[in-house]
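Asker: Could you have a look at this structure, given as structure tokens, before my questions?
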Amino acid sequence: MRPLDEAPEAFWRGVLGVASDFDDTLSTHGQGLLPETVAAMHRLAAAGVPLVIATGRPLGWAEVLMKTLPVRAAVAENGAAALLWEGGRLVASFTEADDAVRARDMAAVRAAVARVKAHLPMLNEVVDYTRRETDVALDIGEAVTVPDAIVAEARAMLEADGCAAVASTVHLHASRYRADKPAGLRRVLARLGLDPEALSTRWIYLGDSPNDAAAFAAIDRSVGVANVARWVGRIDALPRYVAPHEGGRGFVDVVSKLLAERGAL
Ligand SMILES: [Mg+2]
């Protein structure tokens, strides 16, 4: 992980789009979406650079993000679900396209989570339940602070039960589908008529926490906002570069540099 200032000119050349995590990457911890972050998103759109969000939040959140922000698509539930505009309406896309199989998988996850909650009663489901179709999220750091040892025990129980378990700063997600934001992004790029194979070499990815590790590993032009530093030594992969500022100000750092290099400023 090197300071963003050290990224060579080639890092900024030929960028086709920007993909970004939401919590603590576009949003700024404790302050929500800052006006300068929203302005940077609109500057990207005005420059014709597509922005796609990739978050662990549910499909219901993706709908709100799509309807309030200038984004082309929103990958939700850590890659397993997504929303995009098609013919003027929002359509959903899933890793598992068969509705019956998805419902069966979700029932298995709910059963595994019920066993975890019976054993670890301090763990509770998050209250952002607005259309979540592929995973159950337990609150570990949003309304409560759950000790790391409890989170580790819950993860082990879920994995023993055949679930994939991945943590963000705020939630522990249980799913039958491995957390894979880059796979979700590739699926969405193909649906948008963009080249999914370009994601790993021609797109910039921004994130801040362990559920971004797969994207940091798969996408060459990866940048962490400054708060990613707290995960050094505890995350499967780090981004190539780190922005000088935390959260949404770090997103502004990247957009400003990208647009300056493109001659748009
Ligand atoms: Mg995040």
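The values are calculated or read from the model by the stated rules, or taken from the named source; none is laboratory data. Not measured: the values here are computed from a predicted model. Because the Cβ atoms are built from the backbone with ideal geometry, glycine has one as well, and the counts that use them run over all protein chains shown.
Asker: Could you grab me the full set of residues in the range 14-29 that are over 13 Å from A74 (Cα atoms) and out of contact with any Gly (no Cβ under 9 Å at 6 or more places or on another chain)?
Answerer: Answer for the range 14-29, where residues must be over 13 Å from A74 (Cα atoms) and out of contact with any Gly (no Cβ under 9 Å at 6 or more places or on another chain): G14, V15, L16, G17.
Asker: In the range 184-194, is there at least one residue being within 16 Å of the ligand (Cβ to nearest atom) and at pLDDT 95 or above? Give the steps one after another, and end with the answer.
Answerer: Filtering the range 184-194 down to residues within 16 Å of the ligand (Cβ to nearest atom) leaves 184-185.
Then drop every residue that is not at pLDDT 95 or above, which leaves 184-185.
Within the range 184-194 (the criterion being within 16 Å of the ligand (Cβ to nearest atom) and at pLDDT 95 or above), the answer is yes, since at least one residue qualifies.
Residues are listed down the side, and each one gets a yes or a no for (1) more than 18 Å from G79 (Cα to Cα); (2) modelled with pLDDT under 95; (3) crowded, with 19+ Cβ neighbours inside 10 Å:
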position	(1), (2), (3)
T95	no, yes, yes
V109	no, no, yes
A112	yes, no, yes
R115	yes, no, no
H119	yes, no, no
N124	yes, yes, no
D128	no, yes, no
T134	no, yes, yes
E142	yes, yes, no
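Asker: For the range 15-33, how many residues are surrounded by fewer than 21 Cβ atoms within 10 Å (Cβ to Cβ) and either more than 14 Å from V255 (Cα to Cα) or within 11 Å of the ligand (Cβ to nearest atom) (or both)? Before you say what the answer is, go through the steps one by one.
Answerer: Here is the first cut: in the range 15-33, the ones surrounded by fewer than 21 Cβ atoms within 10 Å (Cβ to Cβ) are 15-16, 27, 29-33.
With either more than 14 Å from V255 (Cα to Cα) or within 11 Å of the ligand (Cβ to nearest atom) (or both) added as a condition, the list becomes 27, 29-33.
Of the residues in the range 15-33, 6 are surrounded by fewer than 21 Cβ atoms within 10 Å (Cβ to Cβ) and either more than 14 Å from V255 (Cα to Cα) or within 11 Å of the ligand (Cβ to nearest atom) (or both).
Asker: Cβ-Cβ under 8 Å, sequence separation 6+ or interchain: first residue in the range 56-79 and among the acidic types (D, E), partner part of a helix (DSSP H, G or I). Which pairs?
Answerer: Within 8 Å, the pairs are E77/L59.
Asker: Also, I was wondering about something else. Determine, yes or no, whether L206 is surrounded by 24 or more Cβ atoms within 10 Å (Cβ to Cβ), of a type outside the set (V, I, T), within 16 Å of the ligand (Cβ to nearest atom) and within 13 Å of the chain's Cα centre (by Cα).
Answerer: Values: surrounded by 24 or more Cβ atoms within 10 Å (Cβ to Cβ): yes; of a type outside the set (V, I, T): yes; within 16 Å of the ligand (Cβ to nearest atom): yes; within 13 Å of the chain's Cα centre (by Cα): yes.
It is true that L206 is surrounded by 24 or more Cβ atoms within 10 Å (Cβ to Cβ), of a type outside the set (V, I, T), within 16 Å of the ligand (Cβ to nearest atom) and within 13 Å of the chain's Cα centre (by Cα).
Asker: Still on this structure, please answer the following. Does any residue in the range 28-41 that is over 19 Å from L258 (Cβ atoms) come within less than 7 Å, Cβ to Cβ, of a residue that is at pLDDT below 95 six or more places away or on a different chain, and which pairs are these?
Answerer: none
Asker: Just one of the numbered conditions (1) away from the ligand (no atom under 16 Å from the Cβ); (2) in the same structural domain as P210 (by TED's automatic domain parsing); (3) touching a helix residue (DSSP H, G or I) at 6+ places or on another chain (Cβ under 9 Å); (4) not in a loop (DSSP other than H, G, I, E, B) is not true of V113; which one?
Answerer: (2)
Asker: Need a quick list: strands (runs of 3 or more DSSP E) entirely within the range 154-254 having at least 3 residues that are in contact (Cβ under 8 Å) with a residue 60 or more places away in the chain. Even if it seems obvious, please write down each step before you answer.
Answerer: Values: elements: 164-167, 171-175, 203-207, 221-224.
Where strands (runs of 3 or more DSSP E) fall fully within the range 154-254 and carry at least 3 residues being in contact (Cβ under 8 Å) with a residue 60 or more places away in the chain, they are 171-175, 203-207, 221-224.
Asker: Only residues that are β-branched (V, I, T) and either in a helix (DSSP H, G or I) or in the same structural domain as L59 (by TED's automatic domain parsing) (or both): list them for the range 116-153, please. Quick ask: steps written out before the conclusion?
Answerer: In the first step, residues of the range 116-153 are kept if they are β-branched (V, I, T); the result is 116, 126-127, 130, 134, 136, 140, 144-146, 150-151.
Answer for the range 116-153, where residues must be β-branched (V, I, T) and either in a helix (DSSP H, G or I) or in the same structural domain as L59 (by TED's automatic domain parsing) (or both): V116, I150, V151.
Asker: Take P70 and decide whether it is in contact with a Leu (Cβ under 9 Å, 6 or more places away or on another chain) and either aromatic (F, W, Y) or surrounded by fewer than 22 Cβ atoms within 10 Å (Cβ to Cβ) (or both). Write out each step before concluding.
Answerer: On the way: in contact with a Leu (Cβ under 9 Å, 6 or more places away or on another chain): yes; either aromatic (F, W, Y) or surrounded by fewer than 22 Cβ atoms within 10 Å (Cβ to Cβ) (or both): yes.
Yes, satisfied.
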